[in-house]
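Data first, discussion second: the structure below is written as structure tokens.
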Amino acid sequence: MHSSITDKGLSQLFQAATDLVARRLPTGEAVAAAILTQSHQIYTGIWIDAALDAAALCAETGPICEAHRTNEVVLASVCVIRGSTNGDIQVVPACGICQERLSYWGMDLVVGIPGTKIDGVCDFLPLSALRPHYWRDVLPKKLP
């Protein structure tokens, strides 16, 4: 994990995502994400549904785009979901597409996974632990 990331920072990141769920999507199913940048900025986003599944946008999409727009380096990402059944918040690891988007900043970036370290429901692992056989590792290092 990057030396500038603290448990307090990861807890604030998780809290930013859960606060967005409560504020923006107070009832029913909800998905939100938050990313932490090297300058300690937290960007948040929500999942955008669409009638055509391929047109839906993951909750991480907005924060990832914002980090690119502001030329920030992403250090950590977390995605949370609240189901409509019991209303409990759960951590969802980034999907494969978002893992690919996050890999732009390197495989040592940390991603939220279900666990107990942060607020009893979240742990963080390096992206490399989620993708131990990453496809780019076998290609020449000079590729974009």
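For the range 20-70, what relative contact order do you get, as a whole percent, if you take Cα pairs closer than 8 Å and at least 6 residues apart? Please list the in-between numbers first.
On the way: 69 pairs, mean separation 15.9, N = 51.
Once normalised by length, the contact order is 31 percent.
Output the peptides 68-75, 14-21, 133-140 sorted from most to least packed, where packing is the average of other Cβ atoms within 10 Å over each peptide's residues.
Details: 68-75: 15.0, 14-21: 20.1, 133-140: 9.4.
Order by mean packing, descending: 14-21, 68-75, 133-140.
Taking all pairs of distinct Cα atoms, average 1/r, flip it, and tell me the Kirkwood hydrodynamic radius of the range 18-76 in Å to one decimal place. Can you show the working numbers first?
On the way: mean 1/r = 0.0827 Å⁻¹.
After inverting the pairwise mean of 1/r, the radius is 12.1 Å.
Of PRO114, PRO63, PRO93, which is the most mobile in a GNM of the chain whose springs link Cα atoms less than 10 angstrom apart?
PRO114
Once you compute Rg and the Kirkwood Rh from C-alpha atoms, what is the Rg to Rh ratio for the range 66-144? Please list the in-between numbers first.
Working: Rg = 14.5 Å, Rh = 13.9 Å.
In the range 66-144, Rg relative to Rh is 1.04.
Once Cα Rg over 2.2 N^0.38 Å is worked out from the coordinates, which option in (i) 0.94; (ii) 1.02; (iii) 1.29 does it equal?
Identified label for the calculated read-out: (ii).
Using a simple spin-label model with points 7 Å from Cα along the Cα→Cβ vector, what separation in nm is obtained for ARG136 and LYS117?
Using points 7 Å along Cα→Cβ, the separation is 2.3 nm.
No lab work stands behind these numbers, since they all come straight from the coordinates. Note that the structure is predicted; figures quoted are calculated from it, not measured. Note that we place each Cβ from the backbone using ideal geometry, even for glycine, and neighbour counts take in every protein chain shown.
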